[in-house]
Amino acid sequence: MTIVAVHGIGNHQSGLSPDQAATELAGQWQLKLQQGFTAAGLGDHRLPALHAAYYAHHTHAAERQTVEPDVLALDEREQSVVIAWALALGSPTLQERQGLITAPLRQVLSWVSRRRNLPIGTVIRLAVQLVL
């Protein structure tokens, strides 16, 4: 039996050719597969061959300069992937009264909170009081 595994977001293997990256990922996953077989009491069984379908080199933008992941650093295409992911998890749609429709407001208030180093709850209360 052969398993072909496809990686998800965040598996770009910087500095490796696509073939090398596929081999590296397959090796990591083969080890995890072995651990799973052992944990299930199947350590004496022959492991299936495992290959990685590596495509991150086609979708990966140049390395970002930020140390921490930051939602504000996402480009439009990446934002659409995140929104699709959230919708798949059951997030409210833009047509619903709450959720994504208030996202721009929450984003602005979050920015004020970070910029002024104020707790987000304080910023929200202040904003509500300003408009009442």
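Observations on the model:
- Highest average first, the peptides 76-85, 9-18 ordered by how many other beta carbon atoms sit within 10 Å of their residues are 9-18, 76-85.
- Listed peptides 23-30, 42-49 by packing density, highest first (mean Cβ within 10 Å): 23-30, 42-49
- Counting only protein heavy atoms and a probe of 1.4 Å, the accessible surface of segment 1-51 is 57% carbon and sulfur.
- Inter-centroid distance (Cα atoms) of segment 103-120 relative to segment 1-24, Å: 38 Å
The values are calculated or read from the model by the stated rules, or taken from the named source; none is laboratory data. Values in this document were obtained by computation on a predicted structure and should not be read as measured data. Every residue, glycine among them, receives a Cβ derived from its backbone with ideal geometry; neighbour counts consider all protein chains shown. For accessibility, only protein heavy atoms count, side chains too; no ligands or nucleic acids. Shrake-Rupley method; radii C 1.70, N 1.55, O 1.52, S 1.80 Å.
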